[in-house]
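A.B. asks: This structure is in structure tokens; I'll ask about it shortly.
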Amino acid sequence: MNERISRLMDGEIDASELDVVCSALKGDDALLTWTCYHTIGDALRGESAVTRSVRAAVSTQLATEPTVLAPRVPNVSRAASWAWAAAASIAAVAVVGWTAYSLIDATPAGFAKAGEAGTMRAAQIRPLTVPADYLLAHQEYAPANALQSVGPYMRDFAASSPLRPAVAE
Amino acid sequence: MQRAFRRSPIVTGRLAPAVFLLALVATGAHAMDAATWLMRASQAARQLDYVGTIVYQIGPRVESSRITHLYDGGREFAKLVNLDGPAREVVRSEGEVRCYYPDAKLVRVEPATFRNVFPSLSAEQQQSLTRYYEFRVLGEDRVGGRPVQVVVFEPKDGLRYGHRFWSDGSTGLLLKARVLNERGDGVEQFAFSDLTINARIDPSMVAPSWPVVPPDWQVLETASADVVARDTGWVVTRVPPGFAKIMEGFRKLRGRRDRIAHLVFSDGLVSVSVFIEPIVAASTPAGFLQKGGLNVYSVRQDDHLITVMGETPGATVRQIAHSVSHR
């Protein structure tokens with residue numbers, strides 16, 4: 001199920017699986033995984049404000065009505081963009097680990113899930129270093145880039161931490 | 001009915017040349033329009049002096065940057081400074097682009113980057129532009145306080161994204177651009193919120209804020225000699241129609257022991273890169289990634305990792321990735 005939730009966040013889930021995952025998200029376990037993944041994503045994107053609100057929401061709402069939490073999480077950005085921003089590295093993995101454990105403190109019930117999520121994400125992030133490094137090589141040849149002078153580099157800026165991973169590498 | 005049916009071949013036969021000629025003329029005119037439009041915009045981007053603020057949107061993110069551009073005696077200088085988040089800048093001077101990341105204490109030096117391909121669009125590329133995109137002039141609008149002409153490249157198949165461009169009425173400079181996905185939703189956009197064209201740009205305005213790299217910073221350099229154009233031995237069979245190979249070679253990337261095969265395909269408007277590298281680490285999973293109008297798909301093939309990256313829908317890069325093989 002964790003893998004399905006991950007794919008749901010990445011927008012890669014098949015329509016046929018959607019119902020199953022959404023039903024599962026009504027349960028505590030899946031919901032925690034979902035929240036945990038988003039917290040990790042927020043941290044990697046440097047959007048800690050969102051993270052805090054999620055954590056606060058987890059603390060307060062989990063006790064009362066956990067099932068309504070997931071659909072109401074505000075401003076959750078698409079997972080794919082943070083995966084890019086993470087661009088894999090020891091640094092990113094460290095962030096994953098740190099965030100996962102912060103969440104654990106907030107919600108003891110999510111301990112196992114959070115740990116799992118951290119490991120899983122770290123493993124998935126690793127190949128994405130490659131695109132981060134390939135991006136500059138690719139954009140040399142993107143014709144539409146000729147329409148803007150240094151415009152293509154805005155993509156580089158838009159990733160929240162595109163450089164540290166390259167250093168760590 | 002029967003008579004009409006019998007007669008139709010004659011009619012078709014008579015009209016065919018005229019219809020064919022008309023179609024040819026129409027295609028030719030459009031090809032000229034699309035190519036002329038692209039060349040004008042790319043020339044304006046290179047040869048004008050301008051300073052302005054660019055608002056860039058990718059997915060849910062919105063970021064602003066300040067751009068200063070100077071064309072001096074055939075040489076191009078530009079400086080891009082981001083206004084949100086950690087201060088970073090990109091400085092383009094003769095033959096190189098330097099990216100400064102003070103937050104990471106790092107400078108990245110790239111050789112003469114993206115080729116200005118539009119001034120030299122081949123006849124084939126012009127043909128594929130009009131064959132696989134519907135180029136239309138949508139009319140007039142206003143961007144950054146300036147009157148603009150709006151044009152659109154609408155894909156004729158599901159293998160490409162749509163592109164809408166707003167160009168300055170008097171100079172042709174691109175003032176706004178939007179990438180539209182399969183559902184017609186904008187996935188990536190940039191727009192000038194203010195702009196001064198033909199501004200007086202002093203060379204100091206396009207100089208880096210760090211003329212000397214601080215001693216504790218790291219400098220990452222890519223030498224142009226690191227790219228060698230040659231036959232890589234890799235073939236890609238399922239490239240969408242209209243995409244032609246524009247580059248093939250090996251490149252050396254930082255932190256990689258092995259050279260990486262790099263093939264680039266373009267339909268005249270966008271390009272798709274295919275990277276092939278030997279897998280070193282045992283746990284190199286494949287994956288899919290979307291970043292605005294850019295999609296990336298990685299797949300393992302025996303002891304190689306194939307990564308396809310391009311300004312096309314995810315299904316397109318995926319299809320291409322699964323059609324790579326070694327001769």
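The values are calculated or read from the model by the stated rules, or taken from the named source; none is laboratory data. Since this is a predicted model, take the numbers as computed values, not measurements. Reconstructed Cβ throughout: ideal geometry from the backbone, glycine too, with neighbour counts over all protein chains shown.
A.B. asks: Tell me the strands (runs of 3 or more DSSP E) entirely within segment B:234-319 that contain at least 1 residues that are without any contact (Cβ under 8 Å) to a residue 60 or more places away in the chain and within 30 Å of residue B:131 (Cα to Cα).
C.D. replies: Ranges flagged: B:244-251, B:260-266, B:271-278, B:287-291, B:294-301, B:304-310.
A.B. asks: Return the residue satisfying two criteria in turn: it lies in segment B:63-80 and is free of Cβ contacts under 8 Å to residues at least 40 places away in the same chain and more than 9 Å from chain A (Cβ to nearest Cβ), and of such residues it is farthest from residue B:188 (Cα to Cα).
C.D. replies: Checked segment B:63-80; the qualifying residue farthest from residue B:188 (Cα to Cα) is B:73.
A.B. asks: If you go through segment B:245-274, how many residues are exposed (fewer than 15 other Cβ atoms within 10 Å of the Cβ) and more than 9 Å from chain A (Cβ to nearest Cβ)?
C.D. replies: 3
A.B. asks: Restricting to segment B:81-99, and then to whatever is more than 10 Å from every other protein chain (Cβ to nearest Cβ) and assigned to a strand (DSSP E or B), can you tell me which residue is nearest to residue B:201 (Cα to Cα)?
C.D. replies: B:93
A.B. asks: Shifting gears a bit: Scan segment B:280-319 for residues that are surrounded by 15 or more Cβ atoms within 10 Å (Cβ to Cβ), out of contact with any Lys or Arg (no Cβ under 6 Å at 6 or more places or on another chain) and hydrophobic (A, V, I, L, M, F, W, C) and jot them down.
C.D. replies: B:288, B:289, B:294, B:296, B:299, B:305, B:306, B:308, B:309, B:317
Residues are listed down the side, and each one gets a yes or a no for (1) on the phi < 0 side of the Ramachandran plot; (2) assigned to a strand (DSSP E or B):
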site: B:53; (1), (2): yes, yes
site: B:103; (1), (2): yes, no
site: B:129; (1), (2): yes, no
site: B:139; (1), (2): no, yes
site: B:151; (1), (2): yes, yes
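A.B. asks: Okay, next question. Restricting segment B:187-211 to residues that are outside any strand (DSSP E or B) and surrounded by 14 or more Cβ atoms within 10 Å (Cβ to Cβ), which is nearest to the other protein chains (Cβ to nearest Cβ)?
C.D. replies: B:206
A.B. asks: For segment B:53-62, give me each residue that is surrounded by fewer than 20 Cβ atoms within 10 Å (Cβ to Cβ) and touching a residue at least 40 places away in the same chain (Cβ under 8 Å).
C.D. replies: B:53, B:55, B:57, B:59
A.B. asks: Also: From the list B:35, B:31, pick out the single residue that is within 30 Å of residue B:290 (Cα to Cα) and either within 20 Å of the chain's Cα centre (by Cα) or modelled with pLDDT of 50 or more (or both).
C.D. replies: None of the other options fit; the residue is B:35.
A.B. asks: Do we have residue B:283 as at pLDDT 90 or above and at negative phi here?
C.D. replies: no
A.B. asks: Here is a list: B:184, B:158, B:172. Which entry is outside any strand (DSSP E or B) and closer than 22 Å to residue B:65 by Cβ?
C.D. replies: B:172
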